[in-house]
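See below for the structure under consideration.
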Amino acid sequence: MRDLLKVYGVPQEAKTKLQAIALARFGKANASLMVRHLVDECIAGEQQESNRLDLTSDTVRVELRLPKAILEELESRSEQRLSARNFYICSLIYKQLGQEQLQGDEIEVLRRSNYNLAKIGNNLNQIAKAFNLLVKAGGGGKLPEIGKKMASLRTEVKEHTNKVLRVLNAKTVVWEKKTPGKKPKKRS
C-alpha cells in the first residue's frame, strides 16, 4: 500500500498553473506529477546544500610539481580568464569538488552588466519622475499605460540586478578571500 500525502487549501488557479507547467515539462497535465517533481528537487537541493564545503575557512599552502609545459598552459588560460594563476588552479580543483567559482572575466561581465542596468534604472527613475510631473500638471489623476510599463521595467531591472548580485555572492567566495584568516567581503 502506498502512503499518500494530501495537500489541502491549494486554490484551483494554482492547480491549473501546475498542470500547465507539468504539460510543458513532462507532456502530461498532471499537477501531482509536478508537485512530486518539486518535492524531489527540494529534497535534492537540501542534500546538495548540506554537502557544500566551507570555502571561507583558513587556507593551507599546498605545493604542486607540474611539468613546465603544463604550468605555461595554466598561465595562459588564467590570463585569458582574467584570473590569477593560483586562483585559476584552485578553481579547477573546486569545480571538481562541486564548488564552481566564477573566473575574473565572468565576474567582470556580470559587474559591467549590473553597472549598466543600474544606470538604466536611474534613467528610468528620472523619466518616471518627469512623466509623473507632466501627468499631475495635466490634471489627470490616473497613471497612463506607459507609466505602468515604465514601473514594470524598473522592477525587472531591479530584480535582474539582485539576481546578478546573488550569483556573484554565491560563486566568488574564494575570489574575495585575499589573505588567510580574513573573512570574505560581503556585498550589500
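The values are calculated or read from the model by the stated rules, or taken from the named source; none is laboratory data. Bear in mind the structure is a predicted one, so any value in this text is a computation, not a measurement. Ideal geometry is used to build each Cβ from the backbone, glycine not excepted, and the neighbour counts take in all protein chains shown.
Identify the residue in region 101-125 that is without any contact (Cβ under 8 Å) to a residue 60 or more places away in the chain and of a type in the set (A, V, I, L, M) and, among all such residues, is farthest from Leu168 (Cα to Cα).
That would be Leu124.
So which pairs qualify, if the first residue must be in region 72-93 and exposed (fewer than 13 other Cβ atoms within 10 Å of the Cβ), the second must be of a type outside the set (S, T, N, Q), the Cβ gap must be under 6 Å, and the two must be at least 6 apart or on different chains?
Within 6 Å, the pairs are Glu75/Arg85.
Since Leu55 meets every condition but one in (1) assigned to a loop (DSSP other than H, G, I, E, B); (2) at pLDDT 75 or above; (3) surrounded by 11 or more Cβ atoms within 10 Å (Cβ to Cβ), which condition does it not meet?
Of everything listed in (1) assigned to a loop (DSSP other than H, G, I, E, B); (2) at pLDDT 75 or above; (3) surrounded by 11 or more Cβ atoms within 10 Å (Cβ to Cβ), Leu55 misses just condition (2).
Just to verify a result, which residue in region 60-94, among those that are more than 28 Å from Val109 (Cα to Cα) and not charged (D, E, K, R), is modelled with the lowest pLDDT? If you could, list the steps in order and put the result at the bottom.
Our first condition is that a residue be more than 28 Å from Val109 (Cα to Cα); within region 60-94, this holds for 60-69.
When the remaining residues are screened for being not charged (D, E, K, R), the result is 60, 62, 64, 66-67, 69.
Values: Val60: 79, Val62: 82, Leu64: 82, Leu66: 87, Pro67: 91, Ala69: 93.
This residue is Val60.
Quick check, is Val174 hydrophobic (A, V, I, L, M, F, W, C) and modelled with pLDDT under 60? Break it down stepwise before answering.
Values: hydrophobic (A, V, I, L, M, F, W, C): yes; modelled with pLDDT under 60: yes.
Taking the combined requirement at face value, the residue satisfies it.
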